[in-house]
1. Can you return the aspartates and glutamates within cross-link range of LYS170? Criterion is Cα-Cα under 19 Å, with same-chain partners fewer than 8 residues away left out.
2. Listing THR33, THR157 from the residue with the fewest other Cβ atoms within 10 Å to the one with the most, what is the order?
3. Would you mind checking region 46-84 for residues with the amide N under 13 Å from a putative spin-label position 7 Å along Cα→C-beta of ASN94?
4. Hey, what's the Cα Rg ratio for the chain versus the globular rule of thumb, 2.2 N^0.38 Å?
5. Go through LYS18/LYS166; LYS11/LYS110; LYS2/LYS147; LYS18/LYS148; LYS53/LYS101; LYS63/LYS148 and tell me which ones have a Cα-Cα distance over 21 Å in this structure.
6. In debye, nearest 20: dipole of the chain around its Cα centre with unit charges on the Cβ of K, R (+) and D, E (-)?
7. Output the antiparallel fraction of DSSP beta bridges having both residues in the chain, as a percent to the nearest 5.
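Computed from the coordinates by the stated procedures, all read-outs in this text should not be read as laboratory data. As the structure is a prediction and not an experimental result, all values here were calculated from the model. Cβ placement follows ideal geometry from the backbone for every residue including glycine, while neighbour counts extend to all protein chains displayed.
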Amino acid sequence: MKVVGVIGGPKTDGNTYKLVRAVLDGALEAGHTVVTWRLRDVFIGQIGYFEEKVLFPLDDFDKMQPDLESMGALVLGAPIWYGHVDTRTFNFINRTYYYSKYYNEENAEKWPSAQPVNIISYGRTEPDAYDGVLDWLDGVWSGYGMKKSINLAAPDTSNNPVESNKELLKQAKEIGRNL
Ligand SMILES: Cc1cc2nc3c(=O)[nH]c(=O)nc-3n(C[C@H](O)[C@H](O)[C@H](O)COP(=O)(O)O)c2cc1C
């Protein structure tokens, strides 16, 4: 199975990246193929509208499409920015509107019923501070006919960075192994 990691946020080696990486490492150990997309390295444009038609930008999304259309699992990692997923992740999700049944039913057929794994990391200390964001992500994926999400949250990252949180990293790897 192909496991596609998509990482929002601008950091090359941040909390979010480390957790996504741990899930992907677990997936590799289980014998899956792994592909990583860092959203900071691709240009994803904005959706437009003209003469009553949705317009998609000429951007790098077409480079991601073959992986998205052939994935068995999607591991999405987003730092929380101002109470929601970071802007790159939000824009990426908007861009997947190409596969929405509300846009085009033929395109919607191409989006696989893959397993979503949603990973968020944030500064607030409560473990459930952004459960609403995880629920929202699960709702987006369920709209695309995907499976029920597996979620992982890393709270309090300024006092408890992911790299020193062995238990959380173990949990992430285990998620990957069980995909
Ligand atoms: C622009 C910006 C906005 C942020 N907003 C929030 C927020 O609303 N709530 C929160 O708990 N943490 C917030 N944070 C903290 C990050 O979510 C946290 O440091 C996260 O673990 C960063 O992940 P990274 O290391 O992968 O970049 C914000 C950080 C930045 C840079």
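1. Cross-link targets: ASP13, ASP25, GLU29, ASP156.
2. Working: THR33 14, THR157 20.
Result, fewest neighbours first: THR33, THR157.
3. 46-49, 55-57
4. Details: Rg = 15.9 Å, N = 179, 2.2 N^0.38 = 15.8 Å.
Its radius of gyration relative to the 2.2 N^0.38 Å reference: 1.00.
5. Working: LYS18/LYS166 11 Å; LYS11/LYS110 31 Å; LYS2/LYS147 15 Å; LYS18/LYS148 23 Å; LYS53/LYS101 15 Å; LYS63/LYS148 26 Å.
From the list (LYS18/LYS166; LYS11/LYS110; LYS2/LYS147; LYS18/LYS148; LYS53/LYS101; LYS63/LYS148), the Cα-Cα distance tops 21 Å for LYS11/LYS110; LYS18/LYS148; LYS63/LYS148.
6. My answer is approximately 400 debye.
7. On the way: 5 of 28 bridges.
Close to 20 percent.
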